[in-house]
Structure formats: C-alpha cells, structure tokens
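Asks: Mind having a look at this structure? Questions to follow.
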Amino acid sequence: MKTSKFLFVAAFAASLLSCQDDTFVSNNANSNDGLKGKLVKSGLLGIGYGAGNAETRAYSVDGRFIWMPTALKADGSIDVDPITGAARSNQRIGFCWTGINNEDPEYSAATSLSQKVYTNYEFEHVGWLDKNATGVEKEECAPFALTNGGYIVGETVNGDVATWQSNPYTSTNGSGTNYQTKDDGQYAIGEYANGELNLGSGLFKTENSDVFEGEYLVYFPYNDGFTKGQILAAQPDHFDIDVNLNRFTTLSRYAFSIGRVNHYAGGQSLEKISTRTLSSFAGVKLYNSAISGTNNIKKVIFYANETGFLFEQDLDAKACVEAITNSKPLGEEVYYKDGTTAVKTNDTNAIYATLTNNGTEYATVSTSANGSLNNALKVYFPVLPQTVNNLTVVLINDEDKTYAYQAGAVKFESGKDNSIAIDLKGANFESKYMVVDEETLFSALENIKSHGSTTETNTIQLLRSVRIEDVMSHAPYVGNLGTMFFDKDINIMTFCKPNAKGEEVGLSLAAGQEMYIKSMDATGEAKLTFNVPFTVEGAGCCDADVARLSVGSTASGIANIEFTKIINNGALALANVAGKKATIKVGELVNAYDEWALDKGKTLDAAQLFLLGNTQSDIEIGTLTNKGMVTASPVTVGKPGCVVSGAGKNWTSWKDYVDGAISTLDKTSFTIRPVVATIETLTNEVSVGTKDPTLNKGGEINIEGFAELVVNALTNTSETAIIKTLNVKDGEANTTIDGRLTLTGASTNNGIIDNNGVTNLVGQPMQNNGLLIDQLSGQLGGQYIENGTGTGLSRTYHSLKYETDLPVKGMYVSKVATNQRLNFTLTDEVTSASVNVIEIVGSDVSFFNLENVDPNNVLKDKDVYVAADAKQIAFKALDSAGKATEKSFGHCVTVRSNSTLNVKDGLLSTVNDVNVEENAIFKVDAKNNADKSEITIGGDLNNAGTTTHKADILTVKNDLNNEATASFTSDNRFVVEGNVETAGIFDSNGTPNAVTGNFDQTAGNTTFAFKTTTTVDGQFSCAAGASFLREALGTSGDYRATVNVGGLGELKGNNNGGGWPTVKRN
C-alpha cells in the first residue's frame, strides 16, 4: 500500500499511579489555507520511546501497551470498528502546528503562542517496528518498503508484513491477538521476516504530503471536530464495557493524552515525543463484604445535576506547551479561557457505562468473587479533569432497580485513579426508575406496565437526555407497530439543569423512527406525563427520513397524555385515535423544520403537525409556534393502514395519507366537529433556509371540515404565512361542520387568512396588516376587522397578486357572486366599514346597476377584482328614467386573466388605475339603456389583455400602458392626460383624440384610421421593429388619418411606406 508519509510511534500512557507515558501524536488537514510558514515534506518519522510501566493503557493481556486495531478480520487485516461503525478500526492520532518555528522564527505564522493551533493533521496506525529499532529503515529504491518493521496485513504491497499467527497468543492472563508471539517481560512481541516486533512501537501514515516546519502539539485519540483553532479534547459520554475483557481497554481506547515536539523539520528524522495523559481514570470498584449476596449490575452512572459532566473541552495551546515544557500539572489549567474563566465546551448531567460479561447483559458482584476491596469488580472509563459537586453514583441492576451512592464532591485529576470504591453490603436497590439511555427507558416502561403501582404515579427520572434510535428493538413490549404502551399513571421527569450549550434534558425520537404512544387502560383514566421536552427529529444533515410520532393509534384507544414541551421537526400526530376519546395537553409546541430541511430539500413529512381523531379529540396547547404545516381533521394516520418507505407501501408520507383520508369525508361523515384544539398563544410564520434565505416553506395552517381551533392570542407573522378554514365540501357552506377558527382574544394578521368556513372574533377586533379573504362559502362573525392606517400593501396568494394603494395596512377581501351579496357588502354597517377589496367571482344578473347596488357610492374607497372567468361582469349607473348617473366602479380595478369586465350606461369612473391582465377583456361599451356612456379612469390604464372602447368618451387621467401581449381598440373618442406607451396592438378608429404627454411606440402595431384626428402634445417615437400606419384616403374624398404631435423622437420603425405624424407649428 503506497503511502505519502509515515510516523513511527512507541507510546506508553500514564498509569493509574501517574506514571509518565512516552508516546507520539499526529493529525489531519491537507489544506494550508495560505498560512505564513515553511512547508516541508512529511517523509518518514521515527519516534523513540522510554521505559516504564504503562499498564493502564494496555491492550495486551499481560499489561503491555500495544498499538492494535480494535477489530481484525480472520486474515489479520483491519476490520470495521464494532463501536463506531467506521470502515477501519485502527488508531488515529493528531499533529497540530502551534504556528511557531523556534529554529527559524521568520517562518512562524504568529509572533507568540496563543490559545489556538493552525493545523490538525491525521495519522493512522498501519504497522510496527523492530524491537530494537531507533528509527525507520527502508530499502534504498523502495521508500515504502521497511527493512526493520512490518505492516498490518493489507497495508502494503511489499513483503514487509507482520506475521499473523494461526492461533492467538495466550498466557495465564488470558487470550490475546494473533500478531503477538510472546511477552518478554517488558514488551508484547510479534514477528516479521527479519526478526521481532515491539507491538508498542507503532508505524503511522498520513495522506498529507506537505506539513509546516516548527513546533507541534501531538494528541491521542484523533478528533476531526476541528481543523484549526483550539484543540478539542473529547471523551465519550457513555461506554460499553465487557468486564470479561481487559479492564483497561476503555482507557486505552479513549483516554486523552497530549505531547509536544519542539521542532519538526520534516523528512526522515528521529524524535522522542513524551506525551502526558490529560484524562482522569474514573469508574468504580464494586465489592460486597456481606456474608453472602449477589448483585447483577447492568449500568454504572455518574450523575452530577449541579455541575454537570464535562466531556468535550477546547484546550489552550499556549497553556499546553508551557505545562509540558515546564513539567507543570495538566488539568483544568490547560482549558480554553475567556479571561480567567474556563469556558465549558460541552457537558451532560450524567455519564455512564453499560456492563456486560461475555454476552450476559450485566456484570455480577458477589461475596464469593468480590468480597473485599482487593477483589473488587473494577470498571474504568476516562473523564476530563474537573471538579464535580454532589456526585451521585447510580447502579441499576437487572431488575431495573436502582441504588444511589452519594459520593459528594469529587475532583477528577489528570492521569490519576479517581475511581470510587463502593461496598454493596446492605445496599438497598429500590423500585425507582432512573434512565440514561433508550434501553433503561423502555425497560422501565415495560416494568411499570407489568409491575408498576396502580395507586400512585410511577416516576421515571431522566438523568440525561435520551434518544430513541431503534423502537422495534424493544419487542415484544412495543408490539408489532412500535408502540410505547402504558396502563398506569406515569410521570417522566428530570431534575437536570440545562447544559453548557443551554440544551435541556429530554427525550428525542431519532430520524427514520416511527413510534406510537397509547393507553391499554380500559377505563381511560391512566395518564402519561412527559415533564421533559420531547423532540421529534427531522432528517437532519445525513438521514433519509424524518421521525414520526403518533400520540394515539388507530388500533386502540388512548387516555390522558400531557407534554410540557414538544419540538417537532418531523411528523407529529396528536390524538390519532379511532373510536375512543383522546385528551392531549401540551404546554409548548414548536413545529418547525430543522436547520438542514430546506437547504437540502428534506421536507417530506418534515414539520408536519396533525391534530386528529375521529371520535372526540380534546387537544389543549399552551403555546404553539408553527413554522411548518398544521392540519386539523377527524381522520387517523399511520400503521397498519399506512406504510411509509417500506415494502408494499401505499403512501409516500403521512401527509399524503391524511390528505387522502380527508378526501373521503362528506357531509354525512359526522354531525359535529370531533376535533377541537384549544390554543392559548398561536404564532404562525414561514421558515427560510439556513444557508439559502431565498428558500421558504411552511407557515401554513389548514382547519379542515369537522375541526375547530380555539385560539386566545393569534399572530400570523410572516407576509406569506397562511391560515385556512376549509369546507367539508369545497365551495359549499355547511356552517355547523365546516372548519372553524374561534379567536377569543387579541389577533394580528400580517400574512394571509383564507376563510372558507367559519371565523369568529369572540374577544377583540382583528388587527389586519395582511390579506384576509372571506370566500363565498365563508362566514365571519363577532368583532370587526381593523385594517389600520398605512400606505397600502401587496400580497401574493396562489400565484394571484393582491395590491392596494389605499391608506391602509391590511386588505380585507370579500368575494361576491350575486347582486344581493354585493349590495350587502357595500351597505352593511359593519362589513362595509371593514371590507376594502371586493372580488367579483360571478353574477346572478346581467349587470350590476351601481345606482341601486351602491347607493352611497362607497366603491370609490374599495379596490375591485373581477375574477369570474367565462361569466361577464357588467357595471352600469342609471336611474329609473334611463338617465346616466355618476358612480365609481372602484378605487383601483383589476380584471383577472380569462375574465371580462364591461362598463357602460352611466358616468362611470375609478379613483385610480384599471389593470387588465393577460388574456383578460375590458370593454368600455356604448350606451344602451342610458342617455350617456362616459368612462373615466382616474389613474393609469395598464392593459396586458384586450381593451375595447365604444363609449361616448374614454378618459385616462394618467398614462395608458399597452403591453406586448395587449390589444387596445378604440372606436370612439379617447383622451389620455398622461403618456401613451404601446408595445402591442393599438388601433384607433374614433375621433377626435388627445394625448397630453408623449406617445411612445416601443414595439407592436399602431394604426390610426382615416377620417380621424389625434393630437399628441408631447413627442412621438417609434422604435425599431415597430409598425406604424396612418391609413390612406384611397378613392375617398375625405381626409386621411391625422396625427399631430409636439415633436418627433426616434423614428426607427416601419411606417409602411406612409407618413409619420406631423409636427404642430408653435
């Protein structure tokens, strides 16, 4: 195996008696990031070693330190790490440049040592050197072929391989590795072609071809949690320990040590790196001095609620160098500090060890084998140096009973044996459930189900956060679907304080897991209380699927369940019960995407909150913050009917399943609203991407038919956040069963509220700063809508843009489709005062006579949208004698795509713009029933569709903008008091016409008919590619088309062989 560089290490860790360990260290990062410094070739590096008892870091059965992969295949090659799952289980070490070059200061990256390092190169163990080696010897023309060492099988293509024996080494102490042949009283010895190997002298490689010359800190084990900055000293926060194996194995694997190289010059060199152990050797010595007795212990827990247990800590590089150079103590003195105070990096309330004994899921402490301290069962694991106040050592036996030993204040010191001796004589293991992991949680739940109290609440105490990663592994308790069963009162709680990062101790359901919670209590009185936060995970950075939690199950009933706090990043179904009443209470619920969901597109079932149940679901939520999607409906979801991402799946997600179930409901499904959720404070807002803020999703609440949300304080925060009440049958009002939103207190809408069902403002008026749409089927009751005073706003909903320049903060849209409803909207004392936008979606008459429909002429203060598709909407204004009257048909008027608006018979006007969307039709028509038909547009006429003018006169008070998709045809007189800009078809057949401003033809076809006169006070221009035509006289004796302009601008278009407009004389 070709490698780019090597490091030879002989390492001895400090003993429990604080003996010095002589070891090497190295680390990873091939990028040099443009740092100032001298790059050298890494080459081959040999590390000498010192003598001494290194028993505490031994892998050897005889107590010798050896470098040895955790797992080896049958042929001796490196196997997968059985603990971490990493592809290779060989040891890794780190090599960190301090930024200082002591030999050539000009090649330093800094003027002096600081808290940080500049590299973190990784080296991995690939072999051993001869027992007498003082450096690496290689063949002259084969730089990777060793003459005084041997590679692990599979790590070289040359013949220099360590001998893999057919049988493992054995001694009176037990069985060891097949690479060992003997123990010489000082070292574990192996063999290779040229002699004997010292298995404590490791050969290491790295893929980094260039490194900086200078001073280095070296550490073990390697940590990829940083590339530069502070060195991160990390220890696991839990351990799996087989007491049948070498008791020092855990220390050997995880104890953190650090050393220094004064000057590394690269190439082939011989150095002696002396490392010192930072970790303390914690653990217990368990014995029983009673006459007889046996205890089967499956968990050893160090619990420190007051101070917590530090398991990750940034180090101060300068302090490390000074301590190593001057033989000062390690410990908290080398921790990264903010001023004079050490800054905790990461801690937990409890660290623990899970004990096994050669397959048995506990370790036995008996008076016969462990009757004295000298014969105690010794369990060791490393912890970082720290002082822990009020330490409690909790032992859990094979019956899930606990014994708590109060150890008091304990100082864990670097390189020292700080294990705690505990005599189990007289120890009382109580039926108190203390939980540190998934196994102890489900074991406690199962025991309570089988043996728990029926008269008192059963308490499960979390000593640290627990992540549920494999629900089905707890069968048969969890059944066939993965269910947390209960039939007695249970309180899951903690006394733990938040850790250094502010994280609370709680439960979490891991990504990809699906779990149900349900009661097996036939009376429905049993109550399960989660007095800790519960997190339902999203897919995260690296998983494929979200977690799904159902509080309830379609297969059985559910009693009372209460949560103090739920953070839902996945799919959460509350009251998901068929045929039984469900009572759910949640103090605080956050429904949101995790930090990766939007950026990585992992939104399938992410941040989905379902409020369900088909019988009687009473859901009470204190504070709900929704940044995802909420669906309330009397349906159910999940197994066995719904199989997601599995064999034979019939749905792709819980959301699909719920939507499908909702589609099967009709007016006869229920006579009441089975789902009622009462929420004290509801905040609805849209999520944005963490890295890409242009990505946005969520902030949507759907209150389906047969469901109700009763909210005291509502804030619809984001401009695009949506709250919808929906019908049982789309577009059909069924007041008693349609989705209902009841607001009992203050409410503010900055986003969009789409009321198809019922919205009741029971407490206070709603402050509307966004868009509120009252659909034809909707019913709005209670207090009024306050739109405030502002400068107008714009909102887009379902690709439709609503915009107003009215002096308001919010738009209240009332949809109308009949003469009577339009009249009600414009004349009702409450509605007329609140509604500021009318959207006409149909009509039951041939025209709306505004003389009757709008007797108070209030349309001038309301924007109008025409969205009736094939149904033509017509406005007229005339009295019973046929005399035209003055009426406004809107403040601003927009004709939606595929819709038609006809205005005629009256003196009709708008206050501001008329907007004709693409494929829309705006007809300014000739008089029919009235004596006049005069139309005035008070602002711009923005035409992207088709506008035809046949009225007596069309007046546009500002500009006429005729877009490329538009057609403007005028068969009678028009007056534009601003500018005309046309890029589409402009066909003028009426006369006389007047334009006060400029006439700019940027594209399209413009035609003026003969016998017409148009006066343009400003400048006329015709851009390249445009077609302009003044129609000729032909054989007629009448006059040609006359276009008189104040001036000529660009004339690059095609005048079709005719004349350009003529310039007026001053």
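The values are calculated or read from the model by the stated rules, or taken from the named source; none is laboratory data. Not measured: the values here are computed from a predicted model. Ideal geometry is used to build each Cβ from the backbone, glycine not excepted, and the neighbour counts take in all protein chains shown.
Asks: Within region 697-711, identify whether any single residue is free of Cβ contacts under 8 Å to residues at least 60 places away in the same chain, crowded, with 20+ Cβ neighbours inside 10 Å and not assigned by TED's automatic domain parsing to the domain that holds Glu680, and answer yes or no.
Replies: The answer is yes; a qualifying residue exists.
Asks: Given (1) of a type outside the set (Phe, Trp, Tyr); (2) modelled with pLDDT of 95 or more; (3) under 21 Å from Val117 (Cα atoms), identify the lone condition not met by Val300.
Replies: (3)
Asks: Looking at (1) β-branched (Val, Ile, Thr); (2) in a strand (DSSP E or B); (3) surrounded by 24 or more Cβ atoms within 10 Å (Cβ to Cβ), can you tell me which one Thr625 breaks?
Replies: (3)
Asks: Please tell me if Asn178 is in contact (Cβ under 8 Å) with a residue 40 or more places away in the chain, in a loop (DSSP other than H, G, I, E, B) and either among the charged types (D, E, K, R) or outside the structural domain of Tyr335 (by TED's automatic domain parsing) (or both).
Replies: Yes; evaluated as a whole, the condition is true for this residue.
Asks: Based on this model, can you work out whether Gln186 counts as assigned to a loop (DSSP other than H, G, I, E, B) and either modelled with pLDDT of 90 or more or surrounded by 24 or more Cβ atoms within 10 Å (Cβ to Cβ) (or both)?
Replies: Judged against the criteria, Gln186 is not a match.
Asks: Kindly indicate which of Phe610, Phe530, Phe563 is touching a helix residue (DSSP H, G or I) at 6+ places or on another chain (Cβ under 7 Å), modelled with pLDDT of 90 or more and in a strand (DSSP E or B).
Replies: Phe610
Asks: In addition: Name the strands (runs of 3 or more DSSP E) wholly within region 424-485 that hold at least 3 residues that are surrounded by fewer than 16 Cβ atoms within 10 Å (Cβ to Cβ), outside the structural domain of Ser289 (by TED's automatic domain parsing) and in contact (Cβ under 8 Å) with a residue 60 or more places away in the chain?
Replies: No strands (runs of 3 or more DSSP E) qualify here.
Asks: Is it the case that some residue within region 121-128 is part of a loop (DSSP other than H, G, I, E, B) and either surrounded by 15 or more Cβ atoms within 10 Å (Cβ to Cβ) or in contact with a helix residue (DSSP H, G or I) (Cβ under 7 Å, 6 or more places away or on another chain) (or both)?
Replies: No; the residues of region 121-128 include none that is part of a loop (DSSP other than H, G, I, E, B) and either surrounded by 15 or more Cβ atoms within 10 Å (Cβ to Cβ) or in contact with a helix residue (DSSP H, G or I) (Cβ under 7 Å, 6 or more places away or on another chain) (or both).
Asks: Only one of Gly331, Gly359, Gly308, Gly339 is surrounded by 17 or more Cβ atoms within 10 Å (Cβ to Cβ), modelled with pLDDT under 90 and on the phi > 0 side of the Ramachandran plot; which?
Replies: Just a single option satisfies the conditions, and that option is Gly308.
One line per residue, one yes/no per condition, for (1) at pLDDT below 95; (2) under 21 Å from the mean Cα position of the chain (by Cα):
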| residue | (1), (2) |
| --- | --- |
| Leu624 | no, yes |
| Gly628 | no, yes |
| Ala632 | no, no |
| Thr636 | yes, no |
| Lys639 | yes, no |
| Val643 | yes, no |
| Ala647 | yes, no |
| Thr652 | yes, yes |
| Tyr657 | yes, no |
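Asks: Here are the criteria: (1) part of a strand (DSSP E or B); (2) within 25 Å of Glu918 (Cβ to Cβ). Tell me which single one Ala1024 does not satisfy.
Replies: The single condition Ala1024 does not satisfy is (1).
Asks: I've got another one for you. Could you please let me know if Thr392 is at pLDDT below 95, crowded, with 16+ Cβ neighbours inside 10 Å and either over 36 Å from the mean Cα position of the chain (by Cα) or outside the structural domain of Val117 (by TED's automatic domain parsing) (or both)?
Replies: Answer is no for this residue.
Asks: Follow-up. Of the conditions (1) more than 27 Å from Thr791 (Cα to Cα); (2) more than 28 Å from the chain's Cα centre (by Cα), Lys697 fails just one. Which one is it?
Replies: Lys697 satisfies all of (1) more than 27 Å from Thr791 (Cα to Cα); (2) more than 28 Å from the chain's Cα centre (by Cα) except (2).
Asks: Any residue at all in region 497-511 that's among the hydroxyl-bearing types (Ser, Thr, Tyr) and in contact with a Ser or Thr (Cβ under 8 Å, 6 or more places away or on another chain)?
Replies: There is at least one residue in region 497-511 that is among the hydroxyl-bearing types (Ser, Thr, Tyr) and in contact with a Ser or Thr (Cβ under 8 Å, 6 or more places away or on another chain).
Asks: When you scan region 587-602, how many residues do you find that are closer than 18 Å to Ser633 by Cβ and either among the hydrophobic types (A, V, I, L, M, F, W, C) or not in a strand (DSSP E or B) (or both)?
Replies: Final tally of qualifying residues: 1.
Asks: Mind telling me which of the residues Leu278, Leu270, Leu197, Leu232 ends up being more than 44 Å from the chain's Cα centre (by Cα), at pLDDT 90 or above and among the hydrophobic types (A, V, I, L, M, F, W, C)?
Replies: From the options Leu278, Leu270, Leu197, Leu232, the qualifying one is Leu197.
Asks: Is it fair to say Leu373 is surrounded by fewer than 23 Cβ atoms within 10 Å (Cβ to Cβ), under 30 Å from Pro329 (Cα atoms), at pLDDT 95 or above and not basic (Lys, Arg)?
Replies: Yes.
Asks: Cβ-Cβ distance below 7 Å, separation of 6 or more or different chains: which pairs start in region 358-377 with a residue that is among the β-branched types (Val, Ile, Thr) and end on one that is part of a loop (DSSP other than H, G, I, E, B)?
Replies: Pairs found: Val365/Asn288; Val365/Leu424; Thr367/Asn288; Thr367/Ala290; Thr367/Ile291; Thr367/Ser292; Thr367/Gly293.
Asks: Any chance region 513-530 includes a residue that's in the same structural domain as Gln616 (by TED's automatic domain parsing), closer than 30 Å to Asn346 by Cα and surrounded by fewer than 20 Cβ atoms within 10 Å (Cβ to Cβ)?
Replies: yes
Here is a yes/no grid of residues against (1) under 16 Å from Asp738 (Cα atoms); (2) part of a strand (DSSP E or B):
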position	(1), (2)
Gly579	no, no
Lys585	no, yes
Leu604	no, no
Asp618	no, yes
Gly638	no, no
Thr668	yes, no
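Asks: Here's a follow-up. Looking only at region 605-620, decide whether some residue is out of contact with any strand residue (DSSP E or B) (no Cβ under 7 Å at 6 or more places or on another chain), surrounded by 22 or more Cβ atoms within 10 Å (Cβ to Cβ), closer than 22 Å to Thr725 by Cβ and touching a residue at least 40 places away in the same chain (Cβ under 8 Å).
Replies: yes
Asks: Next question, about the same structure. What strands (runs of 3 or more DSSP E), lying completely within region 873-931, carry at least 1 residues that are within 19 Å of Ser970 (Cα to Cα) and over 51 Å from the mean Cα position of the chain (by Cα)?
Replies: 900-903, 906-910, 921-924
Asks: Taking the options Val1016, Val995, Val976, name whichever one is touching a Leu at 6+ places or on another chain (Cβ under 7 Å), of a type in the set (A, V, I, L, M, F, W, C) and either at pLDDT 95 or above or under 26 Å from Ala926 (Cβ atoms) (or both).
Replies: Exactly one residue qualifies, and that residue is Val976.
Asks: Another question about this same structure. Take the residues in region 505-527 that are touching a residue at least 40 places away in the same chain (Cβ under 8 Å) and not in a strand (DSSP E or B), then tell me which one is farthest from Ile448 (Cα to Cα).
Replies: Within region 505-527, the match that is farthest from Ile448 (Cα to Cα) is Ala511.
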